[in-house]
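Engineer: Quick one: structure below, then a few questions.
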Amino acid sequence: MTAYVIARVNVTNPEKYKGYQALTPDAIAKNGGKFLVRGGPVVTMEGDDESRRVVVLQFDDVAAAKTFYDSPEYREARAARENAADFQMIIVEGV
């Protein structure tokens, strides 16, 4: 069943974050994923205003999403992101 990786990001160092952004497309593609949402304006419909960057990735299943997260390519990207952003990332299975 399709799985989605959802990240909410507070970029704290935009220049350093560019290094992470440069590495992630390859890491995602090499592990069978694709971007569905990559930043862009966020409109809060209910609840507290969401000011964080939102990213949504699609993978074939939860196992593929976990493989992406643990891949050497994404470990390199995560290292590049250190001290550049506060990150929340979850995997959710589709219906």
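The values are calculated or read from the model by the stated rules, or taken from the named source; none is laboratory data. Computed from a predicted structure; not experimentally measured. We place every Cβ from the backbone using ideal geometry, glycine too, and count neighbours over all the protein chains shown. Surface accessibility is based on the protein's heavy atoms, side chains included, excluding ligands, DNA and RNA. Shrake-Rupley method; radii C 1.70, N 1.55, O 1.52, S 1.80 Å.
Engineer: Looking only at region 26-55, count how many residues are touching a Phe, Trp or Tyr at 6+ places or on another chain (Cβ under 6 Å) and assigned to a helix (DSSP H, G or I).
Structural biologist: So the answer is 1.
Engineer: Mind listing whichever residues of region 44-55 are exposed (fewer than 13 other Cβ atoms within 10 Å of the Cβ) and either at pLDDT below 95 or of a type outside the set (Gly, Ala, Ser) (or both)?
Structural biologist: Within region 44-55, THR44, MET45, GLU46, ASP48, ASP49, GLU50, SER51 meet the criteria.
Engineer: Separate question: From the list GLU82, GLU46, which one is free of Cβ contacts under 8 Å to residues at least 12 places away in the same chain and more than 15 Å from the chain's Cα centre (by Cα)?
Structural biologist: GLU46 is the lone residue from the list that is free of Cβ contacts under 8 Å to residues at least 12 places away in the same chain and more than 15 Å from the chain's Cα centre (by Cα).
Engineer: Still on this model: For region 26-47, does any single residue satisfy the condition of being more than 24 Å from MET1 (Cβ to Cβ) and in contact with a helix residue (DSSP H, G or I) (Cβ under 7 Å, 6 or more places away or on another chain)?
Structural biologist: Within region 26-47, one or more residues are more than 24 Å from MET1 (Cβ to Cβ) and in contact with a helix residue (DSSP H, G or I) (Cβ under 7 Å, 6 or more places away or on another chain).
Engineer: Hey, among the residues in region 30-43 that are closer than 19 Å to PHE87 by Cβ and within 15 Å of the chain's Cα centre (by Cα), which one's most open to solvent (accessible area, probe 1.4 Å)?
Structural biologist: For region 30-43, the residue satisfying everything is ARG38.
Engineer: Out of the residues in region 7-21 that are touching a residue at least 12 places away in the same chain (Cβ under 8 Å) and closer than 15 Å to GLU76 by Cβ, state the one that is most open to solvent (accessible area, probe 1.4 Å).
Structural biologist: Here the answer is LYS16.
Engineer: Also: Would you mind finding the one in ARG53, ARG78 that is among the charged types (D, E, K, R), within 19 Å of VAL11 (Cβ to Cβ) and touching a strand residue (DSSP E or B) at 6+ places or on another chain (Cβ under 8 Å)?
Structural biologist: Residue meeting the stated conditions: ARG53.
Engineer: If a residue must be charged (D, E, K, R) and within 17 Å of ALA85 (Cα to Cα), how many such residues does region 16-29 contain?
Structural biologist: Restricting attention to region 16-29, the residues satisfying the condition of being charged (D, E, K, R) are 16, 18, 26.
Imposing the further condition that a residue be within 17 Å of ALA85 (Cα to Cα) reduces the set to 16, 18.
Within region 16-29, residues that are charged (D, E, K, R) and within 17 Å of ALA85 (Cα to Cα) number 2.
Engineer: Something else now. Go through region 56-71 and count every residue that is open to solvent by 30 Å² or more (accessible area, probe 1.4 Å) and in a helix (DSSP H, G or I).
Structural biologist: Number of matching residues: 6.
Engineer: Limited to region 79-95, what total is found for residues that are farther than 16 Å from GLY32 by Cα and surrounded by 16 or more Cβ atoms within 10 Å (Cβ to Cβ)?
Structural biologist: Here the count works out to 5.
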